[in-house]
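Colleague: Below is the structure I would like to discuss, written out as structure tokens.
Values quoted throughout were computed directly from the atomic coordinates according to the rules given, and no laboratory measurement underlies them. None of these values were measured; they are calculated from a predicted model. A quick note on method: Cβ atoms are made from the backbone with ideal geometry, for glycine too, and the neighbour counts reach across all protein chains shown.
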Amino acid sequence: MEQLVNASVQGIQISGIRKISNLVATYKDALTLTIGQPDFPTPAHIIAAGKRALDENRTVYTPNAGMPELRRAAAAFVRTKYGQDYNPDTEVIVTAGASQALDITLRTILEPGSEVILPGPLYPGYEPIIRLCGGIPVYADTTGTGFKLTAELIRSKLTDKTRAVVLCYPSNPTGRVMDASELADIAALLQDRQLFVISDEIYSELVYDGLGHRSIATIGGMRDKTIVINGLSKSHAMTGWRIGFTFAPAYLTQHMVKVHQYNVTCATSISQYAAVEALTNGLDDAEPMKAEYVKRRDYMHGRLVAMGMPVEKPEGAIYLFPSIQAYGSSSMEFAMKLLEQERVAVVPGDAFSVHGEGYVRLSYAYSMDVLTQALDRLERFVSKV
Ligand SMILES: Cc1ncc(COP(=O)(O)O)c(C=O)c1O
């Protein structure tokens, strides 16, 4: 009977990140740097709002696109923080995490045979959805441009089948961000073309060094073709609450909300009440986390450089993506040997497309104590190979 399972579903794989995390669970003494979720608790005022919603029996469906007050709070948040301008009544959808936001976006815009240009290496959440839609992922290799998707790279991949270009900055897995002029170059290339831009900004609150987050949707001509994806998983340490958002022009949102309705009806009501609190009284909840992440990033980056591992200094998110090319093994072999010999788990770069081969991803969403021990072990490991 298994041959009757939809061929596209048979063709997709469990993500490499989950595979390695599942494997690590069998090594009881391993230190793991694999997970991409904040190690901080959800701020107490948000938890209290969730509890209050339960006590007040707020346990029924909300409007499909999400509670109006949450859509208003989300639109106000991105306006204040990033200068994005969206009408909460017609241009915002509350989703079950950014993951579902990506799903409804891609399902709304792709046809079988549509090509989607993606920066590689990249978070593995896009490719399977594109394939389930019958679309074709087209990776642009960013390893020669400091992991940034440039206008030239996009131009080299554009065809008459290109339906969308994905930007994911700050990036998972590289932590790189795009500056205004880099985004302006891309906007100049794309603004008159018949295609969409999907801008995954889930790490927008985790940009360091005073740089500030820039969204391509705020550049002239781009708002009308851009779907911005965001959410509370990383900014407010709320991965398990499952709250994400799409911000997109009304002509698109009206179609996306249909896919969303038949997919989940609405995001969880309790989580939506908590999210209202997060986005009204917790505007700067990410700040203390950010301060801690910056310390960890600097420490990790310094240690990797001192061990002779080539690595870009990330300006955002919670990852470092050093090269392991000098050690003569594939990223999977490197990760497996590191786990077996030193009991440290990292994610092999090939989990982030073929362009991640030759790298590993280290998450620093862990305490300094764990990071210090893990880096001591990594140092011992690389000094032997
Ligand atoms: C780039 C990127 N997009 C989307 C997601 C999904 O986030 P959520 O927990 O909101 O579904 C993640 C999660 O790690 C991510 O790294």
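Colleague: Tell me, in nm to one decimal, what length is gained between residue 45 and residue 341 on full extension, where the rule is 0.36 nm per residue of separation less the Cα-Cα distance?
Modeller: Once the chain is fully extended between residue 45 and residue 341, it gains 102.3 nm.
Colleague: Relative to the Cα centre, what is the charge dipole magnitude of the chain, using +1 at the beta carbon of each Lys and Arg, -1 at the beta carbon of each Asp and Glu, and rounding to the nearest 20 debye?
Modeller: 340 debye
Colleague: Which one of 108, 289, 334 is farthest out on the positive end of the charge dipole of the chain, using unit charges on Cβ (Lys, Arg +1; Asp, Glu -1) and the Cα centre as origin?
Modeller: Checking the options against the dipole of the chain, the answer is 334.
Colleague: Now, a different point. So what J values fall out for the stretch 315-330 if you push phi through Karplus, 6.51 cos²θ - 1.76 cosθ + 1.60 with θ = phi - 60°, rounded to Hz, Gly and Pro as x?
Modeller: Taking θ as phi minus 60°, the curve returns 9, x, 6, 9, 9, 10, 9, x, 7, 10, 4, 6, 9, x, 9, 5 Hz for the stretch 315-330.
Colleague: Can you find, among 177, 60, 280, the residue farthest towards the positive end of the dipole of the stretch 58-281? Put +1 on the C-beta of Lys and Arg, -1 on that of Asp and Glu.
Modeller: 60
Colleague: Another one. Just rank 192, 376, fewest to most, by other beta-carbon atoms within 10 angstrom.
Modeller: Least to most surrounded, the residues fall as 192, 376.
Colleague: Calculate the spin-label point distance for residue 22 paired with residue 295, positioning each point 7 Å from the Cα along the beta-carbon direction, and give it in nanometres.
Modeller: 3.7 nm
Colleague: Let me ask something additional. Highest GNM mean-square fluctuation, the chain, Cα pairs closer than 10 Å: which of 43, 288, 68?
Modeller: Ranking 43, 288, 68 by mean-square fluctuation puts 288 first.
Colleague: Still on this structure: On a 0 to 90° scale, report how tilted helix 331-342 is relative to the longest principal axis of the chain, with both axes built from alpha carbons and the result rounded to the nearest 10.
Modeller: Orientation of helix 331-342: about 60 degrees from the principal axis.
Colleague: Enter the angle in degrees (range 0 to 90, nearest 10) between the Cα long axis of helix 368-384 and the first principal axis of the Cα atoms of the chain, meaning the one along which they spread out most.
Modeller: For helix 368-384, the angle is close to 50 degrees.
Colleague: First select every other residue whose beta carbon is under 13 angstrom from the beta carbon of residue 91; then total the charges, Lys and Arg +1, Asp and Glu -1.
Modeller: +1
Colleague: Between beta-carbons, use under 14 Å as the cut-off and find the net charge around residue 282, counting Lys and Arg +1, Asp and Glu -1.
Modeller: Within the 14 Å Cβ shell, the charges total -2.
Colleague: Further, regarding this structure: What spacing in nm lies between the two simple spin-label points modelled at residue 264 and residue 160, each 7 Å away from Cα in the Cβ direction?
Modeller: 3.8 nm
Colleague: If you don't mind, another one. Please figure out what share of the DSSP beta bridges in the chain is antiparallel and state it in percent, rounded to the nearest 5.
Modeller: Roughly 40 percent of the DSSP beta bridges within the chain come out antiparallel.
Colleague: Calculate the length of the line joining the C-alpha centroid of the stretch 185-228 to that of the stretch 333-365, in whole Å.
Modeller: 30 Å
Colleague: If you place +1 on the Cβ of every Lys and Arg, -1 on the Cβ of every Asp and Glu, and leave all else neutral, what size is the dipole of the stretch 58-281 about its Cα centre, to the nearest 20 Debye?
Modeller: Magnitude of the dipole: close to 360 debye.
Colleague: Just grab the label-to-label distance for residue 90 and residue 4, each label 7 Å out from Cα along the Cβ direction, in nm (one decimal).
Modeller: Between residue 90 and residue 4, the simple spin-label model gives 4.6 nm.
Colleague: Same structure again: If amide hydrogens are placed 1.01 Å from N in the peptide plane, which non-local residues have theirs closer than 5 Å to the one on residue 196?
Modeller: 164, 165
Colleague: Next question. Rounded to the nearest 0.05, what FRET efficiency is calculated for residue 369 and residue 306 with R0 set to 22 Å and r the Cβ-Cβ distance?
Modeller: So, using R0 = 22 Å, E works out to roughly 0.70.
Colleague: What is the magnitude of the charge dipole of the stretch 161-223 about its Cα centre, with +1 placed on the Cβ of each Lys and Arg, -1 on the Cβ of each Asp and Glu, and no other charges, expressed in debye to the nearest 20?
Modeller: Dipole magnitude for the stretch 161-223 comes out near 340 debye.
Colleague: Can you compute the helix-only [θ] at 222 nm over the chain? Use -39500 (n - 2.57) per DSSP H run of at least 4 residues, normalise by all residues, nearest 500 deg cm²/dmol.
Modeller: -12500 deg cm²/dmol
Colleague: Ok, one more. Of all DSSP beta bridges located in the stretch 58-281, what percent are antiparallel, nearest 5?
Modeller: Just about 30 percent of them are antiparallel.
Colleague: Also: Which angle between 0 and 90 degrees, to the nearest 10, do you get for helix 269-281 versus the longest principal axis of the chain when only C-alpha atoms count?
Modeller: Here the helix axis deviates by roughly 80 degrees.
Colleague: For the stretch 83-98 and the stretch 231-297, compute the distance between their C-alpha centroids and round to whole Å.
Modeller: Cα centroid to Cα centroid, the span is 10 Å.
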